[in-house]
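Heads up: the structure comes next, in structure tokens.
The values are calculated or read from the model by the stated rules, or taken from the named source; none is laboratory data. Because the structure is predicted, anything quoted here is derived from the model rather than measured. Every residue, glycine among them, receives a Cβ derived from its backbone with ideal geometry; neighbour counts consider all protein chains shown.
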Amino acid sequence: MHTRPASSEPYWMVRELVAIGVFAALIKVSSILVALIGGGMNPLTLVLKNLLFTSLLVVLLYKVPKPGTLLLFNVVSILMSMLLMGGGFFLLPAMLLAGLAAEGLIVLLGGYSRGWTVLAGVACYDLLFKACSLGISWIFVREQPELLWISAVFVAIGYLGALLGLPAGSRFVKELRHAGIVHE
Amino acid sequence: MQASFMNRTMGNGLAYRLDARAKMSISLTASLGVIILHSPQSLGLLLAASLAYGLSLNRPKPLLLCHAFLAVMWSVAFGFMHLMQTLNPNPVPTELSRLLVPFLRSAVMVNVILVMALSTRIQTVLTTLKALRLHRCIAIPAAVMIRFIPSFLSDVRQVSEALKTRGYPITPRFVLSHPLLATRLLIVPLVFRALRASDELGIAAELKGLGNLGSVRAFRPPRFETRDWMASATALACIAAAVILQVFTGGPRGGMF
């Protein structure tokens, strides 16, 4: 049986790529389900949806602690939204920018080996992405800019949920480590 | 989207006979079109074209439901704007046409998204992703993402049934009145199941040699036929006609153009 030399080993193992795909689906479907149950413009639903997003993202980054995971997750999510739903086309630059900045921050702070750097990266990613998304919303509602202020309030509420999701994600990881599903 | 993952017989309309790549290109063209256009007349033309495309599904019920939902959202937004105008001593001028434009954009996108979601099988999407020659780092997570959604929905059903058996009613009221408990009861088991599924799928994929996508060939490769070219060209022609209409009729100017 032939074994590949270490130099030709791909950067991403298949099981890591599978984990990224599973989490992309998990985050998308759970967000849709929360929105369907609670109604899209309900503040509590917004908090819950964002809380879930960041906590699941934290779990993914602990599960696949490699530089580029966040970026690849974003690319896959937005690509699927673009190909299957036609939407999200204009969110791609915002997502890439936010993803690159967050990856850079994690590397600067000491990499994926430290827990708090992952949390800081996710918080930075969500903040940048939401700010860029607001800019894109302006293109959509430019005829009625007053609507943008209403959107900004909802986005701020959403970000509050995203921040609450960071300790929740940490707690998830603790439980998952205890169960032996996420390794140290 | 859920309907597209069901294993039921697909319909006979044009939407079902189009190649998934043609539908993807129509969706992308439409999303580009709604960004460029800002006049209600040209967006109205695009809405009529997208509605004709949506009706080729031969399933008016989901279309009707989505449009009814949009109409309700528009009425709520208009009502709030009217209320703000009444309360504010220096009212912001609220024109019906200006408030209509964002909703026209959404309606166009709803039509094209529904066609994509309700007339395409998962297997077709997977084959199309392969045909698009995406890099393995994107193709594998994308394929897993599509494949995992139905099993995740079935997990959600199982967990909510288990909770009902234990006496927890998973209703919107329960979720809103006990958000933390609902999250703990629903999400924690789902995350555990998802992580287990991810490990199992990863091992299965490695054993099946999924990492080497280059050697895998589709049993029935997708073909981009004349009707697909025609549909894509028609979408482009509709956008061009809407742009011409906008140039001639004018309409409210947006902040960008």
Filter region B:118-134 for residues that are at the interface with chain A (Cβ under 10 Å from one of its Cβ atoms) and closer than 21 Å to A:N74 by Cα; which is surrounded by the most Cβ atoms within 10 Å (Cβ to Cβ)? B:V125
All-but-one check, B:T86 against (1) more than 27 Å from B:A240 (Cα to Cα); (2) modelled with pLDDT of 80 or more; (3) of a type in the set (S, T, Y), failing number (2)
Say we look at region B:36-54 and pick out the residues that are surrounded by fewer than 19 Cβ atoms within 10 Å (Cβ to Cβ) and in contact (Cβ under 8 Å) with a residue 12 or more places away in the chain; which of these is nearest to the other protein chains (Cβ to nearest Cβ)? B:I36
Quick check: is even one residue across region B:156-169 buried (at least 16 other Cβ atoms within 10 Å of the Cβ), in contact (Cβ under 8 Å) with a residue 12 or more places away in the chain, more than 9 Å from chain A (Cβ to nearest Cβ) and not in a helix (DSSP H, G or I)? yes
Has region B:190-198 got at least one residue that is modelled with pLDDT of 85 or more, part of a helix (DSSP H, G or I), more than 27 Å from B:S27 (Cα to Cα) and more than 9 Å from chain A (Cβ to nearest Cβ)? yes
Within the set of pairs 6+ apart or on separate chains, which have a first residue in region B:192-207 that is in the same structural domain as B:I149 (by TED's automatic domain parsing) and crowded, with 21+ Cβ neighbours inside 10 Å, a second that is at pLDDT below 85 and hydroxyl-bearing (S, T, Y), and C-beta atoms under 8 Å apart? none
Going through region A:80-98 one residue at a time, which ones are in a helix (DSSP H, G or I) and modelled with pLDDT under 70? A:M82, A:L83, A:L84, A:M85
Taking the options B:L185, B:L207, name whichever one is more than 10 Å from chain A (Cβ to nearest Cβ) and of a type in the set (A, V, I, L, M). B:L185
Determine the pairs where a residue that is at the interface with chain B (Cβ under 8 Å from one of its Cβ atoms), located within region A:48-73, has a partner that is hydroxyl-bearing (S, T, Y) and surrounded by fewer than 24 Cβ atoms within 10 Å (Cβ to Cβ) with Cβ atoms under 8 Å apart, the partner being 6 or more residues away or on another chain. A:L48/B:T183; A:L51/B:T183; A:L52/A:S30; A:L52/A:S31; A:L52/B:T183; A:L56/A:S30
Within region A:107-123, residues hydrophobic (A, V, I, L, M, F, W, C) and either under 16 Å from the mean Cα position of the chain (by Cα) or within 24 Å of A:L164 (Cβ to Cβ) (or both) come out as A:L109, A:W116, A:V118, A:L119, A:A120, A:V122, A:A123
Scan A:L26, A:L33 and give me the residue that is modelled with pLDDT of 85 or more and within 8 Å of chain B (Cβ to nearest Cβ). A:L26
Selection within region B:225-250 - under 20 Å from B:M116 (Cα atoms) and buried (at least 20 other Cβ atoms within 10 Å of the Cβ): B:D228, B:A231, B:S232, B:A235, B:C238, B:I239
